Every structure is written in structure tokens, then in C-alpha cells.
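Since the structure comes first, as C-alpha cells, the remarks are kept for the end.
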Amino acid sequence: KSIYKKAKKLARQEKSKEFFATAESAESFQNYHDALKYYRKAVEYEIDDARAYARLAYLIEKLQPDPRETIKLMRIAVQQSPENPEYRCILGEIYLREDMKLNARREFTKALEIEKNYSRAKEGLKNS
């Protein structure tokens, strides 16, 4: 039974990577609606690549704004890639737009701890 579960998990991981590659390809051809669909599938299959969550959040912001969903996705991206100052700044900027200033400050501050001269984080901190 545990071998079956491991195999199923591996199959899901492989499928999520396929969806991610398809999404990246669609996005590279500016086919944003297909990219959105395939990033969603990669996330549904619990891909362990933070870029999938960040790209999906970006496309949702661009095509079908939903702050709650983009915050959720960017939180996952930050959890999966905590040392990525760009993801923290994106999350901070969304928090700022949603008037969640304390959360925004936390993300910008963390981004600056990771990369002390990161201008995007400095700018975000100044605006929060």
C-alpha cells in the first residue's frame, strides 16, 4: 500500500512538471489563458516549484484579479522559496494594495534581510 502511495505521488509530481512546462511554453507565446489553465493544473497537482505559484498569481492579477487567491498563491511561493526577495516583494505589494500594511512591511523587511540593497523592497517599505 505504501509503495502504491509513493508511486502515485511520483506520478502526480511528474504530471505537475508537465503542466508547468506546458504553461511556460504557452506563456512564452503570449497565450496567457492557456498558461493560466496549465499553471492552475500544476498547482492542483501540488507542484513543488515556487515559480508555478508565482506565475499563476501574476496571471490571475493580469487576467482575473482576485486578491485573496493571489495572496494565497504568493504565500505558498514564499513558503517554498523563502530566500527569494522578489516573491516577498510581490506579496508585499499585493498586501499594500489590499491595505494590509503590517503584512506588507513584514515582507519588504524580510526581502531586505535577504538582499539588503534591493530597491524594490526599499521602495515598498517606504510606501507601506
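The values are calculated or read from the model by the stated rules, or taken from the named source; none is laboratory data. Because the structure is a prediction, the values reported are computed rather than measured. Cβ sites come from the backbone with ideal geometry, for glycine too, and all protein chains shown count toward neighbours. Surface accessibility is based on the protein's heavy atoms, side chains included, excluding ligands, DNA and RNA. Shrake-Rupley method; radii C 1.70, N 1.55, O 1.52, S 1.80 Å.
Counting only residues that are among the hydrophobic types (A, V, I, L, M, F, W, C) and within 10 Å of the chain's Cα centre (by Cα), which one in region 60-83 is most open to solvent (accessible area, probe 1.4 Å)? Walk me through it before giving the result.
Residues of region 60-83 among the hydrophobic types (A, V, I, L, M, F, W, C): 60, 63, 71, 73-74, 76-78.
When the remaining residues are screened for being within 10 Å of the chain's Cα centre (by Cα), the result is 71, 73-74, 76-78.
Details: I71: 18, L73: 5, M74: 1, I76: 46, A77: 0, V78: 14 Å².
In this case the residue turns out to be I76.
Taking region 106-121 as the range and being open to solvent by 100 Å² or more (accessible area, probe 1.4 Å), farther than 12 Å from L91 by Cβ and not polar (S, T, N, Q) as the test, the residues that pass are E113, K116. Against the numbered list (1) under 28 Å from S128 (Cβ atoms); (2) open to solvent by less than 50 Å² (accessible area, probe 1.4 Å), I47 comes up short only at (1).
Across region 1-30, the qualifying residues are those that are under 19 Å from L56 (Cα atoms) and part of a loop (DSSP other than H, G, I, E, B), and the one among them that is most open to solvent (accessible area, probe 1.4 Å) is F29. If you scan region 35-56, which residues turn out to be touching a residue at least 24 places away in the same chain (Cβ under 8 Å) and of a type in the set (S, T, Y)? Listed by number, the residues that qualify are Y45, Y53.
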